[in-house]
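Notes follow once the structure below has been shown.
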Amino acid sequence: MASKVNLRNTTLLLTRPEAACRRFSRQVEETIGKFARTVIAPLFEIVPVEIASPPRLHEEIAFTSENGVRALSQQQKARGRPAWCVGARTAEMARAEGYSVRMTRPTVASLTTALIEEAAGIAIVHVTGQHRRGNLAETLREAGRTSRTLVAYDQRALTLRPDVLNILKKNVDIIAPVFSPRSANLLSQAAEQRSAHVHVVAISEATAKAWVARPGERVLIAASPDASGILSAMGSLFDADPSA
């Protein structure tokens, strides 16, 4: 793939859960343009799990994704409980579900730092998934804070459909925005037999490292760990007139 390409020759591969893929696809079309083909092929699905020990009245919540907000809200009413959030969309969903958002930070690391500095004397419950990087609650405990992890959902791996595998076997250029190290790892496994050049736009350095690139494939890292950062990095792949 040349340093600059056009949309007419490029396939966009989206591998998040379907609702997130469709939302991001609209953002891509609005900010970059229409790809030759957009393929929605989730590599995992979000499955709520039964919560054995739900948050108690004195505990405040740390949400590091929308999935955590959604999963907990299915099993417990918010009733104005304070919440600390990673990402604007997570905070937006938390407010919609009835949480009182105390603070929003762009990454888990920055939220962890803020909790250490700002949440002295507050018991924090980190609502998260079965698969996650790092351990927010353990880091808080090491800093002398009261915290525990509550797994509210699983990210169950899915296999790619035969039609998607057929696309990967063709000599085509594919751009794949990837939003987590686990997604990068799942995509590496699913695309192991590819003939296509899969160019990954990763949300973080850790995500980029989890992808196994091949000669001729590009790996870009978003300047900011969010959809806007991914979109900006994707846009840099194209000519000023991307459809020309």
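Just so it is clear, none of the values below were taken in a lab; they were calculated from the coordinates. From a predicted model like this one, the values you see are computed outputs, not experimental measurements. Counting neighbours? That spans all protein chains shown, and the Cβs are built from the backbone with ideal geometry, glycine included.
Give the peptides 108-117, 74-83 in descending order of average Cβ contacts within 10 Å, highest first.
The densest-packed peptide leads the list: 108-117, 74-83.
Quick check for me: using +1 on Lys/Arg Cβ and -1 on Asp/Glu Cβ, what's the dipole size of the range 66-141 about its Cα centre, in debye to the nearest 20?
180 debye
Where Lys and Arg each count +1 and Asp and Glu each count -1, what net charge lies around MET103 among other residues with Cβ under 11 Å from its Cβ?
-1
Which residues' amide hydrogens lie under 5 Å from the amide hydrogen of VAL49, considering only partners 5 or more residues apart or on another chain, with H built in the peptide plane?
For VAL49, whose amide H was placed from the backbone, the distant partners under 5 Å are TYR153, ASP154.
Explain nothing, just compute: Karplus ³J(HN,Hα) = 6.51 cos²θ - 1.76 cosθ + 1.60, θ = phi - 60°, for every residue of the range 148-159 in order, whole Hz, x for Gly and Pro.
8, 9, 10, 7, 10, 7, 10, 9, 6, 5, 10, 8
Under 15 Å from the Cβ of ARG56, count the other residues' Cβ atoms, weight Lys and Arg +1, Asp and Glu -1, and hand me the total.
+2
May I ask you to order 46-54, 164-172 by the average number of other C-beta atoms within 10 Å around their residues, highest value first?
Peptide ranking by packing, descending: 164-172, 46-54.
For the chain, take the convex hull of the Cα atoms, compute a quarter of its surface area, and give me that in nm², please.
So the Cα hull casts an average projection of 13.3 nm².
How would you classify the range 47-156 from its alpha-carbon gyration tensor, with a ≥ b ≥ c the square roots of the eigenvalues: rounded for a/c under 1.5, else prolate if a/b is greater than b/c, otherwise oblate?
rounded
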